[in-house]
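Just below is one structure, and these are the notes that go with it.
Please treat every number below as a calculation from the coordinates, not as lab data. In this text the structure is predicted, and so the values were computed from the model without any measurement. All Cβ positions, glycine included, derive from the backbone under ideal geometry; neighbour counts span all protein chains shown.
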């Protein structure tokens, strides 16, 4: 069973961290870039962040935190992983145009999902011409999409281009995932 | 105020009665990631230790993985009555739990020592550690941020 390239596993606690966007002008309405499989402990806020379909309209500084007001559009932000649900996934895919879209289908209590999560985030930062999404397949507003796309093994990665699933990687196989992304993005 | 737990999403809805001042109904939807009960976690922890010894397999070098899977098994035990594999997706979970193929230890594990959850790892697996034990405290600590 081929899993991860590196035998060095990161401590689980270090996985959950947000990463700054490479493109500071464009932010989702709330940021969700913690690794896939971490589940983003703030359940609904990460669902709402999948309105991934948003762009920055105004930036207001309050004390030491930034509140971001946004309007909706259908473009997802590259450079980070965006949580999606059954309502936001296809609009993002449709808006992607020629860009490759990768979807990490995970569940909250899947161990291998937690291992590959930080590496998935790294990939999103490395490939700024690819859109990286994630879907918690057990949440109620996401199960229909999981069923529509088809999944048995968790995690499963679906790679889409031009609105269609063109490749799939089952299991936490990082090397296979990278190879699949490279194949699709250069095709 | 009423609290409703909706399975299998584990979302919770809290609604409050209309305030006499505002005369409006406030509804808050809280989608919480539900934790399995400690009793089930302990049951699955003991099972995992026992089965690792029996099968000659070892826990992952990263005990966080082991912890997450044990909690996943416990979660399914709570909701379905059986420890369905947490690393698979099912169209009908109750039916699968009743059928038994994917109840831990699943058939692939029993027959070929294949555990794609990385809970039980054969010694030659790169990710196998040297432990066949894990404490409740280890499980709590490594899943604290999930």
query = With labels modelled as points extended 7 Å from the Cα through the Cβ direction, what inter-label distance (nm, one decimal) is found for residue B:126 paired with residue B:144?
reply = 3.0 nm
key: Average projected area [Cα convex hull, region B:39-146], square nanometres   = 6.5 nm²
note = By the Cα gyration tensor axes a ≥ b ≥ c (a/c under 1.5 gives rounded; else a/b larger than b/c gives prolate, otherwise oblate), the shape of region B:61-100 is prolate
note = Per the C-alpha gyration tensor (a ≥ b ≥ c, the square roots of its eigenvalues), region A:64-187 is rounded if a/c is under 1.5, else prolate if a/b beats b/c, else oblate; here it's rounded
ask   = Can you sort A:149, A:103 by how many other beta carbons sit within 10 Å, fewest first?
value = A:149, A:103
inquiry  = Under a crude label model (7 Å from the Cα following the beta-carbon direction), how far is residue A:166 from residue A:126 in nanometres?
reply    = 1.9 nm
request  = Count the DSSP beta bridges whose two residues both fall in region A:78-187, then state the antiparallel fraction as a percent rounded to the nearest 5.
outcome  = 50 percent
